[in-house]
1. Return the residues of the range 25-44 that are crowded, with 17+ Cβ neighbours inside 10 Å and either under 11 Å from residue 68 (Cα atoms) or modelled with pLDDT under 95 (or both); say none if nothing qualifies.
2. Could you tell me how many of the residues in the range 62-92 are free of Cβ contacts under 8 Å to residues at least 40 places away in the same chain, among the small types (Gly, Ala, Ser) and touching a strand residue (DSSP E or B) at 6+ places or on another chain (Cβ under 8 Å)?
Amino acid sequence: MTATTTANLAPAFNRLREITDLPADWDFDGAIPPSPAAIRKAQWILENIASRFLSAGGSAEPWLVGPRADGGILMEWRGPGGAVEVHVEPDASLGYLWDGEGTPQPGTEKADGV
């Protein structure tokens, strides 16, 4: 990953570091901390998306990076083409939800285990 990529994604990587340190029951409702596998997969996704977007002159900073109560990670990107949520499961498998509301291609698409 280049220095430019790192600088553009510093907030997202900082958030992942914060999430790594979450204790058990971090939401006071029994949540488990994100698994190491989910953290590694989220880092990999950020690095790969960033390198592709930055090489095309765009930005890849996610709108949201957050923990899930089941030990996974949620990341979301928003833009003029819609919004996409990427769900990193505790076992590092992936799911997504794309929402094109308000775009020339309205609709939604969802998949798990991708």
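1. 31, 32, 33, 34, 35, 38, 43
2. 3
Conditions (1) within 17 Å of residue 11 (Cβ to Cβ); (2) small (Gly, Ala, Ser); (3) surrounded by fewer than 18 Cβ atoms within 10 Å (Cβ to Cβ); (4) over 10 Å from the mean Cα position of the chain (by Cα), marked per residue:
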site: 23; (1), (2), (3), (4): no, no, yes, yes
site: 67; (1), (2), (3), (4): yes, no, no, no
site: 81; (1), (2), (3), (4): no, yes, yes, yes
site: 106; (1), (2), (3), (4): no, no, yes, yes
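The values are calculated or read from the model by the stated rules, or taken from the named source; none is laboratory data. Note that this is a predicted model, so its numbers are computed, not measured. Note: ideal-geometry Cβ built from the backbone for every residue, glycine included; neighbour counts use all protein chains shown.
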